[in-house]
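Below you'll find the structure, written out as structure tokens, and then a few comments.
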Amino acid sequence: MPSALGYVVAGLLALAAIAGGILLIVFGIRSYIDKVEGFDRFTAPGSEEVDLGEGGHSIYFERPGLDDVDPLPPVSVSVTAPDGDLVPLDRYDADVSYEVSGHDGRGVFTFDADVPGRYLVRADGSGGVVAVGRGIGARFAGSVVAGVGLLLLAPLLGAILAVVTFLRRSRAKRAVAVPAGPEWGVPTGWRSGARPARRGP
């Protein structure tokens, strides 16, 4: 008879998946908040030298109360590489905004830092705050999607294991309940020590 331990394992597996999903969501949100709080910031109009690693970066405009429906004020931004060359900027092709720890911002430009080093970021135009840092969308979305996926799969995984355990136990019970057939080689109705009746000549 298969052990009923499978039901316990099913429950533990579901709980572990739920805990993992919650941890992924919390990690994604915490990483998102830390990234926004860690942006380099300066007041526009103005300029700031920021230490950037190689790869993609974003430029955000911040102003209290700014949301994804407010029009952005006219602002001109330039980025100068450590070698003195201007870095090409691309407009954000998606609407990315945030409200984190008192910072209300929206993505304006993206650019690639070909080499690590100190980059000069200059902004002219309306008053506000310019923030520079890594993009905030992909990693946050990936962690949250993975966490939600685990939360949705947890009951399914537990249910599958519980059903498998139930079917195995049911099959074993049916096998035990099948009655045994008559013993071969001993005619039915004979008793131990009985002799067959003599027939006539």
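Couple of notes before you dig in:
- Matching residues in region 51-74 - criterion: being more than 23 Å from Asp93 (Cβ to Cβ) and assigned to a strand (DSSP E or B): Asp51
- Residues in region 26-50 that are assigned to a strand (DSSP E or B) and open to solvent by 40 Å² or more (accessible area, probe 1.4 Å): Asp40, Arg41, Thr43, Pro45, Ser47, Glu48, Glu49.
- Tally, over region 72-114, of residues that are touching a residue at least 40 places away in the same chain (Cβ under 8 Å), farther than 18 Å from Ser47 by Cα and of a type in the set (A, V, I, L, M): 3
- For region 139-155, the criterion of being in a strand (DSSP E or B), of a type in the set (A, V, I, L, M) and in contact (Cβ under 8 Å) with a residue 60 or more places away in the chain is satisfied by no residue at all.
- Within region 68-92, being within 29 Å of the chain's Cα centre (by Cα) and either open to solvent by less than 50 Å² (accessible area, probe 1.4 Å) or not charged (D, E, K, R) (or both) holds for Val69, Tyr92.
- Residues being closer than 17 Å to Lys35 by Cβ and of a type in the set (Val, Ile, Thr) - total across region 52-96: 2
The values are calculated or read from the model by the stated rules, or taken from the named source; none is laboratory data. Only a predicted model underlies this, so the values are computations on that prediction, with no experimental measurement involved. FYI the Cβ positions are ideal-geometry reconstructions off the backbone, even for glycines, and counts take in every protein chain you see. Side chains are part of the model used for accessible areas, which takes the heavy atoms of the whole protein and leaves out ligands, DNA and RNA. Shrake-Rupley method; radii C 1.70, N 1.55, O 1.52, S 1.80 Å.
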